[in-house]
Amino acid sequence: MQFEKSDRLKKLPPYLFVEIDRAKKKALEDGRDIIDLGVGDPDMPTPKFIIDALAKAAKNPATHRYSLDQGIPEFRSAAAKWLKKRFGVDFDPDTEIYPLIGSKEGIAHIPLAFINPGDAVLVPDPCYPPYRSGTIFAGGEIIRMPLLEKNSFLPDLRSINHHLLHKAKMIFINYPNNPTSAVCDKKFLKDVVDFAKKHNLLVCSDTAYSEITFDGYKAPSIFEVEGAFDAAVEFHSLSKTYNMTGWRIGFACGNASIIEGLAKVKSNIDSGIFSAIQRAGVTALENYDRHIRSVIKIYQARRDILVDGLNSLGLHVEKPKATFYVWIKVPPRYTSATFAKTLLEKCDIVTTPGNGFGEQGEGYIRMAVTVDKKRIKEAIERIRKRLA
Ligand SMILES: *Cc1c(COP(=O)(O)O)cnc(C)c1O
């Protein structure tokens, strides 16, 4: 039988990666030697000390039952301690921190707690897709904030249409940014907080890449800015920092009433993170200092090879200060889709066409340095030989 899908599913923006997904699948089936720069998923394994902590915890039957809504207190305290050490900010682990089954889940669910049909949400364009889908599932409308190269891929808050703004209840920001790899400073975050307070907006700051930063740049938390606790929640993830994408663990922190709303939605939908994973998460957070430098070093070396290589091919790309992405303007006469398709067909290289992240992503492709240095060098040589 075929069943009619709900209106909310029909309202989702079209999935624009269909063609590239199909072409990639076909290339793999044909046995071609594909270099996949498409996926935003670390290729390196989770560090052994974290796996060991999981194995030990999993043997303890106390971890086998439903974890309480708020999760185990040790995880919230470890998150609070890490936030204090990393950003110098105090959070109450009982009211201002909440565990998430990966930050994507929290991001997609939060509109259900605060958005009514007819309300609007300010969403960057291009963006990580759950900001859009979460808003649509809650019946909200999307007000797009273009991220333009001439503005360093920061939204221009002053240019947002005032007639639309009165409907807005929430704003998403994401720095370090996926897909553009742009970063922001505290001055920008202060502008966002002031803007949000002026217009009664709830700020959702997604910091999934806050720890993958280069050349001495340190990503700030919005809570380093005065007044942020009045209006903001921040989404942290262990996925990219500790190569733990498959484990599903992250946390929200910030304004207690926002956390309370999100918690209420979640308590009606899920029953928490496997406690053994939370215990491993405690170990991960406690050992941040000894772990993070090696990860940064690896991505930075790969970034340098990719960006230097692309520049040697005549594509002008600056070295991103953060994330494992490089956001590349396509050469003249190409679109995002045709350039991605050409790279796949002629060079067996998978990339992500920028238009899949939003209209303003048209004219760009995204490459992820989630393959080793040798493969990145190989990718550059293939483009030089087969496309130049
Ligand atoms: C990867 C990613 C996330 C979330 O990852 P989780 O595994 O769900 O914690 C959130 N935001 C952005 C922008 C990402 O790229």
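Could you please let me know if Ile34 is in the same structural domain as Gln360 (by TED's automatic domain parsing) and more than 24 Å from the chain's Cα centre (by Cα)? Here the answer is yes, as Ile34 does meet what is asked.
Residue check: Ala113 meets all listed conditions (1) aliphatic (A, V, I, L, M); (2) within 30 Å of Ala228 (Cβ to Cβ); (3) not in a helix (DSSP H, G or I) but one, namely (3).
Here is a yes/no grid of residues against (1) modelled with pLDDT of 95 or more; (2) charged (D, E, K, R); (3) touching a Gly at 6+ places or on another chain (Cβ under 6 Å); (4) more than 16 Å from the ligand (Cβ to nearest atom):
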{"position": "Gly106", "(1), (2), (3), (4)": "yes, no, no, no"}
{"position": "His109", "(1), (2), (3), (4)": "yes, no, no, no"}
{"position": "Pro124", "(1), (2), (3), (4)": "yes, no, no, no"}
{"position": "Pro130", "(1), (2), (3), (4)": "yes, no, no, no"}
{"position": "Lys150", "(1), (2), (3), (4)": "yes, yes, no, yes"}
{"position": "Leu154", "(1), (2), (3), (4)": "yes, no, no, no"}
{"position": "His166", "(1), (2), (3), (4)": "no, no, no, yes"}
{"position": "Ile173", "(1), (2), (3), (4)": "yes, no, no, no"}
{"position": "Asn177", "(1), (2), (3), (4)": "yes, no, no, no"}
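Residue-wise test of (1) in a helix (DSSP H, G or I); (2) more than 19 Å from Gln278 (Cβ to Cβ); (3) within 28 Å of the chain's Cα centre (by Cα).
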| position | (1), (2), (3) |
| --- | --- |
| Met1 | no, yes, no |
| Arg8 | yes, yes, yes |
| Tyr15 | no, yes, yes |
| Arg22 | yes, yes, yes |
| Arg65 | no, no, no |
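Which residues, taken from the range 207-230, are within 15 Å of Pro320 (Cα to Cα), within 16 Å of the ligand (Cβ to nearest atom) and part of a loop (DSSP other than H, G, I, E, B)? Listed by number, the residues that qualify are Tyr209, Ser210, Glu211, Ile212, Ala219. Output yes when any residue across the range 295-309 is of a type in the set (Asp, Glu) and surrounded by fewer than 24 Cβ atoms within 10 Å (Cβ to Cβ), and no when none is. Looking through the range 295-309, at least one residue is of a type in the set (Asp, Glu) and surrounded by fewer than 24 Cβ atoms within 10 Å (Cβ to Cβ). Cβ-Cβ distances below 6 Å connect no pair with a first residue in the range 224-237 that is without any contact (Cβ under 8 Å) to a residue 24 or more places away in the chain, a second residue that is assigned to a helix (DSSP H, G or I) and within 14 Å of the ligand (Cβ to nearest atom), and a separation of six or more residues or different chains.
Considering every residue within the range 234-255, establish whether at least one is more than 14 Å from the ligand (Cβ to nearest atom) and on the phi < 0 side of the Ramachandran plot. The answer is yes; a qualifying residue exists.
Take Lys56 and decide whether it is within 23 Å of the chain's Cα centre (by Cα), surrounded by fewer than 21 Cβ atoms within 10 Å (Cβ to Cβ) and assigned to a helix (DSSP H, G or I). When the stated conditions are applied, Lys56 does not pass them. Residue check: Cys127 meets all listed conditions (1) assigned to a loop (DSSP other than H, G, I, E, B); (2) surrounded by fewer than 20 Cβ atoms within 10 Å (Cβ to Cβ); (3) not aromatic (Phe, Trp, Tyr) but one, namely (2). Summed over the range 267-285, residues that are touching a residue at least 40 places away in the same chain (Cβ under 8 Å) and surrounded by fewer than 16 Cβ atoms within 10 Å (Cβ to Cβ) total 4. The residues of the range 116-134 that are over 20 Å from Leu157 (Cβ atoms) and in contact with a helix residue (DSSP H, G or I) (Cβ under 9 Å, 6 or more places away or on another chain), listed by number, are Pro129, Pro130, Ser133, Gly134. Restricting the range 321-336 to residues that are β-branched (Val, Ile, Thr) and under 21 Å from the mean Cα position of the chain (by Cα), the residue that is surrounded by the fewest Cβ atoms within 10 Å (Cβ to Cβ) is Ile328. A residue that is crowded, with 20+ Cβ neighbours inside 10 Å, within 12 Å of the ligand (Cβ to nearest atom) and either in a strand (DSSP E or B) or in contact (Cβ under 8 Å) with a residue 40 or more places away in the chain (or both) can be found somewhere in the range 82-99.
The values are calculated or read from the model by the stated rules, or taken from the named source; none is laboratory data. A quick note: this is a predicted structure, and the numbers were derived from the prediction, not measured. Neighbour counts are summed over all protein chains in view; Cβ atoms, including those assigned to glycine, are modelled from backbone coordinates with ideal geometry.
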